[in-house]
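Structure first, commentary second.
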Amino acid sequence: MKKGICIFATLFMLVSYGLVFAGAAPKKGKELKISLIAGFPTNIGIKSLVSEFEKETGMKVTFIETGYGAILEKNLVDLSAQTGAYDVLHVESIWFSEYLPYLYPLNEFMEDSELFNEEEYDLEDFTSYTPLTMDVFSRDENLYGLPHLAGIPLCFYRKDLLDKAGLKPPKNMDEYYKVAKRLTQDTDGDGTIDIYGCALSAKRSAIVDEWFSFFFSYGGGLPDRPEQYTKMTFNNPTALKALKLYKRLYDECAPPESMTWEFGEVGSAMQRGVVAMMWNWSNSGSWYDDAESSTVVGKVGASVPWPGRFGVNALGIPKDAENKEGAFKFITWATSKDITYKVTVAGGATPCRLSVLTNPELVKERWWFEPLREAGRYARMYWIIPEWSAIDDALAIELQKVLTGDISPEEALRRASDNAYKILEEAGYFD
């Protein structure tokens, strides 16, 4: 019988290990190949600071950036062929189970007091934000990655448009629809909508994350373990209510091209001033105050009207890495307090460390940090299992068919529920 994969709390296990690189240096002169997901704001900061690491260690760092939609498949092909293509991997939490067979546990490095100092590194700085930050990358008392980036979807809204209409930021999904409806406007009377009430991340690769926030907000969710899944998990009145509202927003309040949009395109729409509100990842917050690319500088706020998926990303070491010790030193450097702060300043990333998220100077400039901290209290996780990508896609296909009008919301949820059950059944979860 295939056992469900559980998320274990790891802090107590790690306390006994020293954790921060100190005096011992890896082999000098060796190259480190770092695989990163392209477009993430942490990349800007890490690349701007990496010369410090290279100078300290004598190693040359090469970054290999691949788009979100392609990196998992590309990296798994390389890892399964044991090409030694990477020394460090950027691991998105929902892909952790797929990467796990190829990841090297970090415990042996943690036990080396010559390499790490627990007090300086401060694991509690991660877990005091939310325990999920560390739990997700642990299996059977082994840790396979250190967090370097977190994200939770927030409601970003145009403060000036809400004020002009005498509206307040929405506190729940029903209010979100009402405000979006009010703010969808033909401002010049030419019969064409100039400002849409909201943008949707309705592309096949993004729609499930957004719809789940709607589902969560009405009280829906996943059972604790995939073995507890039933065909009613998605096919129920709560899921139907969430999907019908999502359809209404698409039909009445969102740009028609939303089905081709994910977080980048949605953020761009806000920057261009063509949408009044949107669901988007917290990492996009800095975009709206970027004077070079945004027309809405100083006009955007954020709130938390829904629970959202906690998306945490870690840096891990593949089993076939040529320089594991050097890779580990890079990981601890990149996720240390000092570098996390500098990366956040340089690239607008969302930090995993509470000390950085609550830094008074940063909070003053980054107005989305305060709602983000609140969002951490309600954050959810999907099952971290290899089959989740297939379940996500099965849901996405049916949700998009509702938006195009090809099938009803009821039929979409029935199909999606049946397909998800089949995926789990074939994987042995119900044996």
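Here is how the numbers come out for the structure above:
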{"item": "Sequence-distant residues sharing a close amide H with Leu143 (under 5 Å, placed H)", "result": "Leu106, Asn107"}
{"item": "Estimated inter-spin distance, Thr358 and Glu426, nm [label 7 Å along Cα→Cβ]", "result": "4.7"}
{"item": "Mean shadow area of region 291-338, taken as a quarter of the surface of its Cα convex hull (nm²)", "result": "7.1"}
{"item": "Ala199 long-range amide H proximity, modeled H, under 5 Å", "result": "Met277, Met278, Trp279"}
{"item": "Hull volume in cubic angstrom per residue (convex hull over the Cα atoms of region 321-373)", "result": "82"}
{"item": "Segment Lys74-Lys55, extension gain: residue separation times 0.36 nm, minus the distance between their alpha carbons", "result": "3.8 nm"}
{"item": "Cα→Cβ-extended label distance, 7 Å offset, between Arg414 and Asn172, nm", "result": "3.0"}
{"item": "Protection proxy ranking, peptides 319-328, 286-295, average beta carbon neighbours within 10 Å, highest first", "result": "319-328, 286-295"}
{"item": "Under-5 Å amide H pairs with Arg380, H placed in peptide plane, nonlocal only", "result": "Gly308, Arg309, Phe310"}
{"item": "Shape parameters for region 93-227, alpha-carbon atoms, Rg then Dmax in Å", "result": "22.0, 70"}
{"item": "22 Å Cα-Cα threshold exceeded, pairs from Lys60/Lys324; Lys329/Lys364; Lys247/Lys401; Lys171/Lys241; Lys55/Lys329", "result": "Lys329/Lys364"}
{"item": "Highest-MSF residue in the chain out of Gln185, Gln400, Gln228 [GNM, Cα springs under 10 Å]", "result": "Gln228"}
{"item": "Sites Arg182 and Val274 - FRET efficiency at Förster radius 22 Å, r taken between beta-carbons, to 0.05", "result": "0.85"}
{"item": "Sequence-separation-based contact order of the chain, relative, with Cα cut under 8 Å and 6+ spacing, percent", "result": "27"}
{"item": "Contour minus Cα-Cα distance for Lys244 and Lys319 (0.36 nm per residue)", "result": "22.4 nm"}
{"item": "0 to 90° range, to nearest 10: angle between helix 409-426 axis and the chain longest Cα axis", "result": "20"}
{"item": "Residues Val275, Val77, Val345, Val208, sorted so that the one with the fewest Cβ neighbours within 10 Å comes first", "result": "Val77, Val345, Val208, Val275"}
{"item": "q = 0.14 Å⁻¹, the chain: log10 I(q)/I(0) [Debye, one scatterer per Cα]", "result": "-1.33"}
{"item": "Hydrodynamic radius (Kirkwood) for region 168-310, which is based on Cα pairs only, to one decimal in Å", "result": "15.9"}
{"item": "Proportion of all alpha-carbon pairs of region 285-431 beyond 17 Å (%)", "result": "75"}
{"item": "Relative intensity, log₁₀ I(q)/I(0), of region 252-293 from a Debye sum that treats every alpha carbon as a point, q = 0.16, 0.17, 0.22 Å⁻¹", "result": "-0.38, -0.43, -0.71"}
{"item": "Calculated Rg and Dmax of region 345-431 using C-alpha coordinates, Å", "result": "19.6, 54"}
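Values quoted throughout were computed directly from the atomic coordinates according to the rules given, and no laboratory measurement underlies them. These numbers come from a predicted model, not from an experiment. Because the Cβ atoms are built from the backbone with ideal geometry, glycine has one as well, and the counts that use them run over all protein chains shown.
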